[in-house]
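First the structure, in the form of structure tokens, and then the observations on it.
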Amino acid sequence: MADRNFDDLAQRFRKRIYGGLKGDIRLAVLNRDLAPVLDTAVARTLKVVDAGGGQGQFALDLAGAGHRVWITDISEAMLALAREQVTALGLAERVQALQLPLQALRADPRIPQADLLLCHAVLEWLDQPQQALVHLAESLAPGGYLSLTFYNRRALEFRLLQRGSLRQLDRNRSSGDWGGHPGSLTPRNPLLPEEVMGWIPQAGLSVIAHSGIRCFHDFMTPEMRDKLPAAAIVEKELDYSRVDPYRQLARYVHLLCRRA
């Protein structure tokens, strides 16, 4: 299985992943979890690397706050969208967008060791996610932070159980391929949180914060979501994002890690 390139889905990512209520929840959790890191960096400029960053939505907010940003991705189509935003926001002096695989970060002289390394929704699309985590850890400056999000296989399993898709669940578990049709945004390799938590110390990292993203949003009916104010849903997602068992069933997991 090769690492996934999203040249063919760049526009869909813009609409489906980062827009609307899903994007609001994601942003709220990330901002809350990263606040202690960013608050202590007010007096200095951080070197921020967004690995597999695609359009770089979150990273560009950090550039807007004055930090230096390097967005890397294997998809030129995704990077083209990022460059459009860089130009529109007047951030060209603070942002570089480079076509580069995650595994090459450490060896590329154009990219510094990161004070803050973002890797959001990337590992589940890679052939060797555990080895990729090692590459990420090696790309951090001493004391640097890794903001890692990944697609939670437990949430996908529960969704299939909830729908009564028992045969599909058995086929996916047997084949190890969880992806849908070729244009699906469901990754082929969603990750088990307990496995990733075991990889973290092996990579020389420690977990500072552990949150779920979309703990209940995806289990609500569309009719119920439409009835409630978006702000109320975001507020409750934050409230329950660090509470088990809700966190264990979140669609994505966010881990803020630090290199010793």
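The table below gives the values:
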{"read-out": "Among residues of segment 64-82, those that are assigned to a loop (DSSP other than H, G, I, E, B) and over 18 Å from Gln131 (Cβ atoms), counted", "value": "4"}
{"read-out": "Test: Glu194 is modelled with pLDDT of 95 or more, open to solvent by 80 Å² or more (accessible area, probe 1.4 Å) and assigned to a helix (DSSP H, G or I)", "value": "yes"}
{"read-out": "Residues that are open to solvent by 10 Å² or more (accessible area, probe 1.4 Å), part of a loop (DSSP other than H, G, I, E, B) and closer than 30 Å to Asn152 by Cα, drawn from segment 83-105", "value": "Leu100, Pro101"}
{"read-out": "Whichever residue in segment 13-42 is open to solvent by 60 Å² or more (accessible area, probe 1.4 Å) and in contact with a Leu (Cβ under 7 Å, 6 or more places away or on another chain) and, among such residues, is modelled with the highest pLDDT", "value": "Arg32"}
{"read-out": "Where Pro187 falls short, out of the listed (1) at pLDDT below 95; (2) buried (at least 19 other Cβ atoms within 10 Å of the Cβ); (3) of a type outside the set (S, T, N, Q); (4) assigned to a helix (DSSP H, G or I)", "value": "(4)"}
{"read-out": "Per-region count, segment 208-222, residues in a helix (DSSP H, G or I) and either modelled with pLDDT of 95 or more or polar (S, T, N, Q) (or both)", "value": "1"}
{"read-out": "Any pair with Cβ under 6 angstrom, 6 or more apart, that starts in segment 77-101 at a residue that is farther than 12 Å from Gly54 by Cα and ends at one that is part of a helix (DSSP H, G or I)", "value": "Leu91/Ala63; Ala92/Val86; Arg94/Ala63; Val95/Ala63; Val95/Val86"}
{"read-out": "Answer from Val243, Val253, Val234 - the residue that is surrounded by 11 or more Cβ atoms within 10 Å (Cβ to Cβ) and assigned to a strand (DSSP E or B)", "value": "Val253"}
{"read-out": "Criterion: open to solvent by 20 Å² or more (accessible area, probe 1.4 Å) and either at pLDDT 95 or above or over 26 Å from Ala41 (Cα atoms) (or both) - qualifying residue of Ala65, Ala80, Ala51", "value": "Ala80"}
{"read-out": "Close pairs (8 angstrom Cβ cut-off, 6 or more residues apart or separate chains): in contact (Cβ under 8 Å) with a residue 24 or more places away in the chain and under 18 Å from Arg251 (Cα atoms) in segment 153-178, assigned to a helix (DSSP H, G or I) and of a type in the set (Asp, Glu) anywhere", "value": "Ala155/Asp218; Arg159/Asp218"}
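The values are calculated or read from the model by the stated rules, or taken from the named source; none is laboratory data. Everything quoted here is computed from the prediction, not taken from an experiment. Counting neighbours? That spans all protein chains shown, and the Cβs are built from the backbone with ideal geometry, glycine included. SASA here: full protein model, heavy atoms, side chains in, ligands and nucleic acids out. Shrake-Rupley method; radii C 1.70, N 1.55, O 1.52, S 1.80 Å.
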